[in-house]
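Okay, structure first, notes after.
Values in this text are rule-based calculations from the coordinates and carry no lab data. The shown structure was predicted, so the numbers you read here are calculated from the model rather than taken from an experiment. Reconstructed Cβ throughout: ideal geometry from the backbone, glycine too, with neighbour counts over all protein chains shown.
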Amino acid sequence: MRVYIFLLVLLLVSCTDAYKDEITQLLDSRDLSISARDINSYKALLSAPYIAAEGAEAVAQMDQLFIRFEKVEMRTQHREIRLINDNEALCEQTYSLKVFADGQWRDMVQREQIKLTRSEAGWRIGGGL
């Protein structure tokens with residue numbers, strides 16, 4: 001019985017780590033898509049239900065940011081990922097968004113909470129932008 005419980009705990013921990021790794025890759029891809037000013041890559045990271053709801057506004061705002069500024073750099077740190085269940089997670093992180101225009105850089109640092117959802121397509125951003 002103890003062996004069964006140990007194996008079950010080990011399986012849950014390995015799933016948790018794998019999910020957190022997948023979420024980390026997704027969020028790192030978000031940083032890269034913003035820094036590359038690639039709206040299509042950015043939009044691909046959002047879940048379809050989120051885009052159909054309020055996510056379309058987040059995409060439009062990001063697109064305007066890309067148009068308005070010559071260069072954009074996104075970096076995140078202090079990331080904390082909490083799995084709610086196998087299909088939902090929350091991430092709290094600090095981001096630094098630097099934009100370049102008129103010959104100078106401007107920097108904004110904020111803390112954010114992002115909702116993540118998992119479907120057959122994998123983990124996607126499902127809210128909080």
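Of SER41, SER47, the sequence from fewest to most neighbouring Cβ atoms within 10 angstrom is SER41, SER47.
Annotation: for a label point projected 7 angstrom from Cα along Cα→Cβ of ALA36, residues of the range 51-93 with backbone N closer than 17 Å are 63, 66-67, 71-76.
Its convex hull of Cα atoms gives the chain a direction-averaged projected area, equal to a quarter of the hull surface, of 8.6 nm². Checking the a/c ratio against 1.5 first, then a/b against b/c, what shape does the Cα gyration tensor give for the range 37-98? Oblate. Helix 56-68 against the longest principal axis of the chain: what's the angle in degrees, Cα atoms only, rounded to the nearest 10? Between helix and principal axis, roughly 40 degrees. Springs between Cα atoms under 10 Å define the GNM used for the chain, and in it the highest mean-square fluctuation of MET62, MET74, MET108 occurs at MET108.
Computed from backbone phi with θ = phi - 60° and the Karplus coefficients 6.51, -1.76 and 1.60, the 3J(HN,Hα) list for the range 83-100 is 7, 8, 7, 5, 10, 9, 8, 10, 10, 10, 7, 9, 10, 10, 10, 10, 10, 10 Hz; x is used for glycine and proline.
Put simply, the amide H of ASN87, placed in the peptide plane, has no neighbours under 5 Å, leaving out anything fewer than 5 places away on its chain. Compared with the alpha-carbon gap, the fully stretched path from GLN64 to MET108 is longer by 14.2 nm at 0.36 nm per residue.
Dipole magnitude for the range 14-67: about 120 debye, using +1 per Lys or Arg Cβ and -1 per Asp or Glu Cβ, origin at the Cα centre. Dividing the summed -39500 (n - 2.57) terms of all DSSP H runs of n ≥ 4 by the residue count of the chain sets its mean residue ellipticity at 222 nm at -14000 deg cm²/dmol. Subtracting the Cα-Cα distance of GLU120 and LYS43 from their residue separation scaled by 0.36 nm leaves 26.0 nm. Compared with the direct C-alpha span, the chain from PHE100 to ASN87 gains 0.9 nm at full extension, assuming 0.36 nm per residue. Under a 5 Å amide H cut-off, with hydrogens placed 1.01 Å from N, LEU46 pairs with ILE125 among residues at least 5 apart or on other chains. With a simple spin-label model that places each label point 7 Å from the Cα along the Cα-to-Cβ direction, the separation between ASP28 and THR16 comes to 2.2 nm.
In a reduced charge model with +1 at each Lys and Arg Cβ and -1 at each Asp and Glu Cβ, the chain shows a dipole moment near 160 debye about its Cα centre.
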